Amino acid sequence: MDARTLKIKAAAEALTYVKDGMRLGIGTGSTAEEFVRLLAAKVEAGLNVIGVPTSERTAALCRELGVKLTTLDETPQLDLTIDGADEVDADLSLIKGGGGALLREKIVAAASTRMIVIADESKLVQTLGAFPLPIEVNRFGLAATKLAIKRAASGLDLSGPITLRMTGAEPFVTDGGHLILDASFGRIPDTRALSNALHAIPGVVEHGLFLELARVAILAGADGIRTLTTKTER
């Protein structure tokens, strides 16, 4: 079973959680895009929902397919966010940001009563960190911010290359106008300590550790759908 088929299966399962009249956060990335396509078909059939997209790319796809959009200024409280992840562990801690939308993704997730993660089963890991951690940073003081990140990581016995994300010959720029540093720390034993250390650095806008946000993870594999939930969800 190919990767896209698995993504579609996870997205289809997530769609069963969507009810008429919901205010949705709509994620970014290849799996989230499969969800948008399935959602659009339901909307065309009469489902009434409104969504807040987590990126300009997702917004464009929603408009193209006829999914009604709003903003967090107009609709500051959402019922449900459905989004993908680069890694997820058994506690539903996540690494996100491979698509470069981590700041908006986290804002939308935090504004939602519930967050559901959709992914193929390869994204489930025992410990986060094999996927490089995206860190969104301000353009000003980039070298100083990178040095501060290295020092903070070292204090937690983390090391590894920290690279500026590029698009061809130019730095990748987020929808918010920031840059992204990808930190290849490897295994991250204490995600909360790293989260706190990164948030204490003035040049760090946000990072891709999503902790205590997701309540359900829908993972598709060759043997079917596996659903993980937090204790509060059970």
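The values are calculated or read from the model by the stated rules, or taken from the named source; none is laboratory data. Just so you know, these numbers come straight off a predicted model, no measurement behind them. Cβ sites come from the backbone with ideal geometry, for glycine too, and all protein chains shown count toward neighbours. Please note that ligands, DNA and RNA were not included when accessible areas were found on the heavy atoms of the full protein model with its side chains. Shrake-Rupley method; radii C 1.70, N 1.55, O 1.52, S 1.80 Å.
May I ask for the longest run of the chain untouched by chymotrypsin sites (Phe, Trp or Tyr not before Pro) that are loop-located per DSSP and have at most 15 neighbouring C-beta atoms (other than their own) within 10 Å?
It works out to 18-139.
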- prompt: What angle, in degrees between 0 and 90 and rounded to the nearest 10, separates the Cα long axis of helix 142-154 from the longest principal axis of the Cα atoms of the chain?
  reply: 90
field: Helix axis angle, 56-65 relative to the chain longest principal axis, alpha carbon, degrees
entry: 10
message: Can you compute the helix-only [θ] at 222 nm over the chain? Use -39500 (n - 2.57) per DSSP H run of at least 4 residues, normalise by all residues, nearest 500 deg cm²/dmol.
response: -9000 deg cm²/dmol
query: Looking at the chain, how many pairs of lysines come closer than 15 Å at the Cα, when each pair is eight or more places apart or spans two chains?
result: 7
Sites excluded, GluC sites (Glu not before Pro) in DSSP loops with at most 16 other C-beta within 10 Å, longest stretch of the chain: 75-211
query: Carbon and sulfur atoms: what percent of the 1.4 Å accessible area of region 62-208 do they account for?
result: 51
field: With Cα atoms, 0 to 90° folded angle of helix 3-15 axis to the chain main axis
entry: 60
- request: Return, for the Cα atoms of region 124-234, the radius of gyration and Dmax in Å, separated by a comma.
  value: 15.9, 48
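Need the full-extension length gain, residue 233 to residue 20, defined as separation in residues times 0.36 nm minus the C-alpha distance. One decimal, nm.
74.6 nm
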task: With a probe of 1.4 Å, find how much accessible area the chain has per residue, and write the answer as a whole number in Å².
output: 47
query: For the residue pair residue 5 and residue 122, what label-to-label distance in nm results when each label sits 7 Å from Cα along the Cα-to-beta-carbon direction?
result: 1.4
- prompt: How much length is gained if the chain between residue 166 and residue 12 is pulled fully straight, taking 0.36 nm per residue apart and subtracting their Cα-Cα distance, in nm to one decimal?
  reply: 52.1 nm
- request: Give me the net charge of residue 113's neighbourhood, meaning all other residues with Cβ under 15 Å from the Cβ of residue 113; Lys, Arg count +1, Asp, Glu -1.
  value: 0
- prompt: From the square roots a ≥ b ≥ c of the eigenvalues of the alpha-carbon gyration tensor of region 1-145, which class results: rounded (a/c under 1.5), prolate (a/b over b/c), or oblate?
  reply: oblate
field: Positive minus negative residues near residue 79 (Lys, Arg vs Asp, Glu; Cβ under 10 Å)
entry: +3
field: Under the Karplus curve 6.51 cos²θ - 1.76 cosθ + 1.60, θ = phi - 60°, whole-Hz ³J(HN,Hα) for region 69-78, x wherever Gly or Pro sits
entry: 10, 9, 10, 6, 5, 7, 9, x, 10, 10
message: Rolling a 1.4 angstrom probe over the protein chains, ignoring ligands and nucleic acids, what is the accessible area of residue 86 in square angstrom, nearest 10?
response: 30
